[in-house]
Amino acid sequence: MNKMAYDLFLGCVIPARLPYLEVSSRKVFEKLGIELRDVDGFSCCPDPTGIELIDHETWLALGARNLSLCNNNGGVISFCSGCVETLKGVNYFINKDIDAMQKVNKYLKKIGKTYEGKTEVKHFAQILYENLEKIKENIEKPLEGFKIAVHYGCHYLRPSEIIQWDDPFAPVTLDEIVKTLGAESIEYELKMECCGNPLDKSDSDLSLQMIDNKLKAIYEAGANCVVVVCPACYQQFEFNQRELNKRNDSEYNMPIFYLSELMALSFGFKPEELGFNFHRIKPKELFESIGFNI
Amino acid sequence: MSEEEKKDIEDVRVGVFVCHCGSNIGGLIDCKTLAEEAKSLPNVAYAEDNLYTCSENGLASIKAAIKEHNLNRVVVASCTPRTHEPLFRDCVSEAGLNKYLFNFVNIRDQCTWVHQKQPEEAYKKAQDLIRMGAAKAVKLEALDIIMVNVNSSALVIGGGVAGMSAALSLSRQGFQTYLIEKEDKLGGRLNSLHKLFPHQLDASDFLDKIKNNVQNAQNLQVLTSSKVKNIDGFVGNFEVELEQNGKNIELSVGAIIVAVGSSLFTPTDLYGYDGKKRITQFELENKFINNDVKANNFVMIQCVGSRIEERPYCSSVCCMTALKNALVIKEKNPEANITILFRDLYTPGTDYEKYYRDAREQGVLFIKYGLDKLPTVEEDHVKVFNKYMGEELILPYDLLVLSTPLVANNDNKELAQMLKVPLEANKFFLEAHVKLRPNDFATDGIYIGGSAKWPVDITEAITQGYATAARASRVLSHETLEVEGATSSLPEYNKSLCSGCEICIKVCPFNAIIKNENDEIEIIEALCKGCGVCGATCTNQAIVIRHFTDDQIFSEIEAFGGY
Amino acid sequence: MMSEGNLEKNSKSALVIGGGIAGIQAALDLADMGIHVDMVEKKPNIGGRMAQLDKTFPTNDCSICILAPKLSECSRHPNITLYSYSEVQKVDGKSGNFSVDILKRARYVKEDECINCGVCVEKCPMRVIDEFDRQLRKRRAIYMYYLQGVPAIMTIDKDKCLWFTKNACRICEKVCEREAIDFEQQDQLIKLNNVGSIIVATGYNLIEDIDNEVLRNYGYQKYRNVVTALEFERLLSASGPQDGHVKRLSDGEKPKKIAYLQCIGSRNDRSRKYCSSICCMYTTKEAMIAYEHNNELESYVFYIDMRAGGKGFQSFIQRGENDYNIKYFKSKIAQITIDNKENPIIVYEDLDNGEIKKLQVDLAVLATCIIPPEGIEKMSEVLGIELNEYRFVKTPPFDSVETSKGGIFTCGCVHEPMDIPRSVSEASGAAARAAEVIRGG
Amino acid sequence: MSVINYEFRNEVLKHNASLSYCYQCSTCSGGCPVALLTEGKYNPRKIIEEAILGLKDKLIESQDPNPWLCSTCQKCVELCPQKVELTEIFTLIKNLCFEEQKFPEAFYSQGKAVFDNGVAIPYSNSIVARRKNLGLPEIKIASVEEIKTLMNETNFAKNILRGNE
């Protein structure tokens, strides 16, 4: 069987703001023997909660341009749910509507490119889920004692008509993965609710309220950490806990992990290799409290 | 009591059968002892207990005992007469006794089931009930089984779609049928409709098809421009007097079907109705037929004159009618703007809900208003408080269309009196039971279908027309009918007691009591159900209720208190 | 009324498929006309859905009390032959002259011996889930489908009986005084000839009977205090699993607040596009009965359009609002969550002021969608009749009792969701049409 | 009080026909997390109703309810029993707001960043250094010229720059 390979679409947030998340992600795929090929010339995906909302056509055009650069038959993957939604969305719209396809290609022509809407797009967590067996083989340190609040995030699932992956309201894939890593997945009341990150652009207070409610529910359910698969969600969870503690009388100190980070840990990578020192909420305490020796 | 009465009673030999009903009765109380005790009751010649008296061998042993101990009365103490009395009546008559010489004592439903926590009390109650039942049995009298002849022809009143369907079915079943219509042509409401939902067929085409069937039907006589003048008689034997253009016609029929339909409501003083720029849905259909609809902005208002205090019902066809006409407009002029102001959109079931969706798909607009803030109509626009927005919205219109309810005919009362059948609060005809007898009247032999009973659409009117045909056919299919023998009566020896106060006539729910040509109270036994209301209310105790005579009831009371 | 001397003795008979209220009414009408009727019911006893109901709107009559006399009339009528626990397997011929094969499944109980004494049931050691009570209680492997069932004969559930599954037990055989148990009994093939007309009245199923996809967002079968309307009907029923004392399934507490959610699966492009027709009414009825059990009760009904067009329906809803403490909200509920006491939590928009409100209740009742009955596809093949786009029996425009095949008629929910009065009217209507065929009209 | 605007209603319908299927059942508003949080001040159902009635002023001028408060969680889209594509309709409305220069500042900065750099977050020197330390590869991003060309073609540039430069 020839080696699995995908083009890698990094997007903006991870490489330019959270590069340490890119580290664990690359390591995990390497360990699983799945090749990720870097592609030159990608632009912003663009943001489905940003540029799409102010100019749908531009969003289509830039997205189609990015997809037109992919040259790998395995398709393209991303570590970011937003990028995945954009790239899948562009495929969805131009394949659904021939006018959109023609319009987009009229634009692309100006820069000597064309796109037929054929590149397959996948979320990195989807690839991982499809390789659960491989993952099992690579586990050196099962994540015993991790009581994980899984946060799927909206764009990983919805709109299901575009994403075509897992159940939009009762998803299982991420829970399956963390259980495979030997951790426990904790049910909590607002599990399927939005983290509120996109609202930051229009109403930061609302945005904070939403993440506040989620964190409350997560603490009530007795989780000791959160796992996410989207840099927007990651920032929303990680960057706002201090701010919330300042505003309210809360004492949030909940470690937030990227799915790839947890997997890397279970594969035996050391925290320092993974850049955990860049986390604002250091997981060190957690590791000690549950006796996760590294 | 007189000597020969005493003598009669001495000859009375009662058999008592106590049923265990599996564990239903036997599980709680001692049926064996009950039977033993029964043996010592006056006139009881025999008693036994059975695991199941209703089972084949239970019935066999009743018949055997009747022969062996030449019993002439039978008492079964068991479950309930509701389901089992007919069975035991058949059993004793097979053994040669008159079926009215059987008496049912209910010691399950009304004893062991309701007193499961108190076995002793239940036992005592069972003793009482059996003692009383046996005492009544002693007084039971053989009653004649009454048979009436049946005239196998039928009268259908109303030549609308319901009436035509009923008449067609009856005639196809081979019954001579008279279909009478007060207008000069058949068709009723169909004559004034343009298209028919939900298939947008031409009303006229559809009507022609049915009329054609009616014209070609055998055993079916149509009388248009005809009115009912008078109706006498009872199930199987009605005498009907008609008037057709001045001349009188007399018919004898076995069953009567009422399918007189309903009337339109004119929304005078409502929403600026003027019959020109502000019209009803039916007037709109008339405009379609004459092809003079020029407007481009349409506003329709639902529930105009219905679902309000004075007319609280939903007319159930208006929403579909509005959708139909909206789709007709859209088909002719896709650019037309149509807004329907409604309270609840009534499109139940499969095709109708789809029809509502189709209308939205075609761009018809729907706005919900509430009874608290009714729309107000100006010369060229409507102001409506849009519940969806919580604020007022202005809708310009060239044509305002009001969806008005179907209402009961004014002459329903007249017909109801002739037929001696009731109307409900909105003056529609009232059926025998809204749930399980939707097309019967309480009076045997008379049936009701279509919008005369309640507003219905074409499809349901047709179904109900067929339904009345089936109900009538149950009567017409027989040369004779056996009717209840346990009826009330005014015996010769009591006639002197009757003061002619006519209270019995008023209270009889089956219209079984009349004052005959000799000005005497007469009970039409074919109609009497033996409910006993007349006997109970008769101020001079002139009326006797067979099978529930004072004598029989007092003997039960005595037996209860007498120990 | 009993009948004497038929106008004409019909050599042709009628076949009625389905022993619910529609089938029963059609059979009784035909039989009273003097036409012989063979009635086929798949279940062990006739009675259908109506037997499962506590009361019926808008009169709130006790359902079984008005049904039972019709059941016994059916079983006693000289012109009706009842084949319960049976299915139609083959139909040949055409209008006026069909021949029909009926598979009469062995119930392993001698019909003419069993007197329904119930001893066998008491002694049967096998507890299995009870379909009639919507899995809310257990029955035995030998059983009556329901207490007042007709024919009043026991049936052995072959798939559950220890003798058939493990070659053990046979206790019922030992305890039956009438020796009515017959483990050797075989399925029978009954051939009917000269059947003039057929009436299809096989009723309906409910969306929860096939898949819970649409029920997922409401936590059905995940949250114990979320039940369907028919389950609630059983809870209300005196003969039901709680003897008519409504209690929460989670903790046996008496509910003080009940939410009723309409259009669960109905009027929904993701599930069934059509309206189930009866839910607005039976929901109000159930709320009324529940209130009669407990006058403290608050009921909340969440609906899209109040569909109350039948006779006396509007005033029924009015009474619910005025006298039974029922509050109506025009708002479809998106989902149900629960708090730590398993109380259902509902979020809804109050259209009167546009506010979004959170409501905590003790019990939530789902008005689930009516769907075509199990096996309708097979039946349509056997009979050669078409189904419509919703997989109900297809009827032509303006005639709700005709099917696509001459001589075969239909009535009741098997062709469209409808209430009991309309089912009964249609049943009589179908009977009239069948009689036309049989009498050669 | 507002007047129905059939023209604008039809314009929205042309972009997204699913709008016409809405029967205002309130599933969306009852399921919307932001609606709950704002006690109904934000209400997806009302925005749809305004679109149905073509109330352009409310949708674009006064923006009541504020369409920018949609968190794009897509729950309403999944829940809608009539499969109305709510978020696509909201996107259309917000696009029109953009043309009218009525949109939150943050969208400007993001759009401008992409227009100037091809990416939303330009690579600072410190990030480039950090990537090196972390052993991550160098990233060759899009040629800004290509991106600018496209964004000029689509009128994005015109709209994003107008009134701001």
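Identify, from the list D:95, D:10, D:66, D:5, the residue that is free of Cβ contacts under 8 Å to residues at least 12 places away in the same chain, surrounded by fewer than 24 Cβ atoms within 10 Å (Cβ to Cβ) and more than 12 Å from chain C (Cβ to nearest Cβ).
Matching residue, one of D:95, D:10, D:66, D:5: D:95.
Going by the structure shown, is residue C:23 part of a loop (DSSP other than H, G, I, E, B) and crowded, with 21+ Cβ neighbours inside 10 Å?
no
Could you check the stretch A:11-35 and list, in sequence order, the residues that are more than 7 Å from every other protein chain (Cβ to nearest Cβ), in contact (Cβ under 8 Å) with a residue 40 or more places away in the chain and either assigned to a strand (DSSP E or B) or more than 17 Å from residue A:135 (Cβ to Cβ) (or both)? Steps first, please.
Pass one, the stretch A:11-35, residues more than 7 Å from every other protein chain (Cβ to nearest Cβ): A:11, A:14, A:18, A:21, A:24-35.
With in contact (Cβ under 8 Å) with a residue 40 or more places away in the chain added as a condition, the list becomes A:11, A:14, A:18, A:21, A:24-25, A:27-29, A:31-34.
Within the stretch A:11-35, A:11, A:14, A:18, A:21 meet the criteria.
Kindly list the number of the only condition in (1) more than 8 Å from every other protein chain (Cβ to nearest Cβ); (2) touching a residue at least 60 places away in the same chain (Cβ under 8 Å) that fails for residue C:377.
That leaves (2) as the condition not met.
Name the pairs: first residue in the stretch A:90-103 and farther than 15 Å from residue A:56 by Cβ, second residue surrounded by fewer than 19 Cβ atoms within 10 Å (Cβ to Cβ), Cβ to Cβ under 6 Å, at least 6 apart or on different chains?
The qualifying pairs are A:95/A:117.
Every residue, every condition in (1) at pLDDT below 95; (2) among the polar types (S, T, N, Q); (3) in contact with a Ser or Thr (Cβ under 9 Å, 6 or more places away or on another chain); (4) surrounded by 15 or more Cβ atoms within 10 Å (Cβ to Cβ), yes or no:
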| site | (1), (2), (3), (4) |
| --- | --- |
| C:70 | yes, no, no, yes |
| C:98 | no, no, yes, yes |
| C:173 | no, no, no, yes |
| C:179 | yes, no, no, no |
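Looking at (1) touching a strand residue (DSSP E or B) at 6+ places or on another chain (Cβ under 7 Å); (2) within 11 Å of chain C (Cβ to nearest Cβ); (3) of a type outside the set (Phe, Trp, Tyr), which is the only condition residue B:354 fails?
Only one criterion in (1) touching a strand residue (DSSP E or B) at 6+ places or on another chain (Cβ under 7 Å); (2) within 11 Å of chain C (Cβ to nearest Cβ); (3) of a type outside the set (Phe, Trp, Tyr) is unmet by residue B:354, namely (1).
Yes or no, residue by residue, for (1) within 14 Å of another protein chain (Cβ to nearest Cβ); (2) without any contact (Cβ under 8 Å) to a residue 60 or more places away in the chain:
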residue: C:41; (1), (2): no, yes
residue: C:61; (1), (2): yes, yes
residue: C:70; (1), (2): yes, yes
residue: C:74; (1), (2): yes, no
residue: C:78; (1), (2): yes, yes
residue: C:97; (1), (2): no, no
residue: C:103; (1), (2): no, no
residue: C:108; (1), (2): no, no
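Give the residues of the stretch B:367-387 that are modelled with pLDDT under 95 and within 8 Å of chain D (Cβ to nearest Cβ), sorted by residue number.
If the condition is that a residue be modelled with pLDDT under 95 and within 8 Å of chain D (Cβ to nearest Cβ), then no residue fits.
Within the stretch C:49-90, take every residue that is assigned to a helix (DSSP H, G or I) and in contact with an Asp or Glu (Cβ under 8 Å, 6 or more places away or on another chain) and give me the one that is farthest from residue C:239 (Cα to Cα). First the steps, then the outcome.
First, the residues of the stretch C:49-90 that are assigned to a helix (DSSP H, G or I): C:49-52, C:63-76.
The next check asks that each one be in contact with an Asp or Glu (Cβ under 8 Å, 6 or more places away or on another chain); those that pass are C:52, C:63.
Numbers: C:52: 9, C:63: 11 Å.
In this case the residue turns out to be C:63.
Go through the residues of the stretch B:403-423 one by one and say whether even a single one is facing another protein chain (nearest Cβ under 8 Å) and surrounded by 19 or more Cβ atoms within 10 Å (Cβ to Cβ).
No - not one qualifying residue is present in the stretch B:403-423.
Is it the case that some residue within the stretch B:235-244 is among the aliphatic types (A, V, I, L, M) and closer than 30 Å to residue C:396 by Cα?
No, the conditions are met nowhere in the stretch B:235-244.
For the stretch C:385-394, check the following and say yes or no: at least one residue is farther than 30 Å from residue C:11 by Cβ and of a type in the set (A, V, I, L, M, F, W, C).
Checked the stretch C:385-394: at least one residue is farther than 30 Å from residue C:11 by Cβ and of a type in the set (A, V, I, L, M, F, W, C).
Of the residues C:384, C:412, only one is more than 30 Å from residue C:304 (Cβ to Cβ) and either buried (at least 24 other Cβ atoms within 10 Å of the Cβ) or not assigned by TED's automatic domain parsing to the domain that holds residue C:250 (or both); which?
Answer to the selection: C:384.
For the stretch C:215-241: of the residues being more than 26 Å from residue C:147 (Cα to Cα) and not in a loop (DSSP other than H, G, I, E, B), which is farthest from the other protein chains (Cβ to nearest Cβ)?
Looking at residues that are more than 26 Å from residue C:147 (Cα to Cα) and not in a loop (DSSP other than H, G, I, E, B), I get C:226.
In the stretch A:36-48, how many are crowded, with 24+ Cβ neighbours inside 10 Å and either over 30 Å from residue A:3 (Cβ atoms) or at the interface with another protein chain (Cβ under 7 Å from one of its Cβ atoms) (or both)?
Result for the stretch A:36-48: 6.
Out of C:417, C:397, which single residue is crowded, with 24+ Cβ neighbours inside 10 Å, within 12 Å of chain B (Cβ to nearest Cβ) and part of a loop (DSSP other than H, G, I, E, B)? Please lay out each step first, then the result.
Values: C:397 fails: crowded, with 24+ Cβ neighbours inside 10 Å.
Step by step, each of C:417, C:397 is checked, and only C:417 is crowded, with 24+ Cβ neighbours inside 10 Å, within 12 Å of chain B (Cβ to nearest Cβ) and part of a loop (DSSP other than H, G, I, E, B).
Can you confirm whether residue D:129 is in contact with an Asp or Glu (Cβ under 8 Å, 6 or more places away or on another chain) and either surrounded by fewer than 15 Cβ atoms within 10 Å (Cβ to Cβ) or under 15 Å from residue A:59 (Cα atoms) (or both)?
no
Given the conditions (1) within 11 Å of chain D (Cβ to nearest Cβ); (2) among the small types (Gly, Ala, Ser); (3) in contact (Cβ under 8 Å) with a residue 60 or more places away in the chain, report the number of the one that residue C:354 does not fulfil.
Among (1) within 11 Å of chain D (Cβ to nearest Cβ); (2) among the small types (Gly, Ala, Ser); (3) in contact (Cβ under 8 Å) with a residue 60 or more places away in the chain, residue C:354 violates only (3).
Tally time: how many residues in the stretch A:163-199 are surrounded by fewer than 21 Cβ atoms within 10 Å (Cβ to Cβ) and not in a loop (DSSP other than H, G, I, E, B)?
Going through the stretch A:163-199 one residue at a time, the tally reaches 6.
On the basis of being more than 14 Å from chain C (Cβ to nearest Cβ), in contact with a Lys or Arg (Cβ under 6 Å, 6 or more places away or on another chain) and buried (at least 24 other Cβ atoms within 10 Å of the Cβ), does residue B:126 make the cut?
In short, no.
Residues that are touching an Asp or Glu at 6+ places or on another chain (Cβ under 9 Å) and modelled with pLDDT of 95 or more: which strands (runs of 3 or more DSSP E) entirely in the stretch C:258-344 hold 3 or more of them?
On the way: elements: C:298-303, C:326-330, C:336-338.
Those strands (runs of 3 or more DSSP E) span C:326-330.
Please report, ordered by residue number, the helices (runs of 4 or more DSSP H) entirely within the stretch B:444-563 with at least 3 residues that are surrounded by fewer than 22 Cβ atoms within 10 Å (Cβ to Cβ) and out of contact with any Leu (no Cβ under 8 Å at 6 or more places or on another chain).
B:503-507, B:533-537, B:550-561
Consider residue B:338 against the criteria (1) without any contact (Cβ under 8 Å) to a residue 24 or more places away in the chain; (2) touching a Leu at 6+ places or on another chain (Cβ under 9 Å); (3) not hydroxyl-bearing (Ser, Thr, Tyr): it satisfies all of them except one. Which criterion is unmet?
For residue B:338, the exception is condition (1).
Tell me which of these residue D:36 doesn't satisfy, since it passes every other one: (1) over 20 Å from residue A:198 (Cα atoms); (2) in a helix (DSSP H, G or I).
Here residue D:36 clears every test but (1).
Listed residues B:335, B:331; which is charged (D, E, K, R), more than 9 Å from every other protein chain (Cβ to nearest Cβ), assigned to a loop (DSSP other than H, G, I, E, B) and surrounded by fewer than 19 Cβ atoms within 10 Å (Cβ to Cβ)?
B:335
Please work out which residue is nearest to the other protein chains (Cβ to nearest Cβ), limiting yourself to the stretch B:49-108 and to residues that are part of a helix (DSSP H, G or I) and more than 20 Å from residue C:76 (Cβ to Cβ).
The selected residue is B:61.
The values are calculated or read from the model by the stated rules, or taken from the named source; none is laboratory data. Since this is a predicted model, take the numbers as computed values, not measurements. Here Cβ is always computed from backbone atoms with ideal geometry, including for glycine, and neighbour counts include all displayed protein chains.
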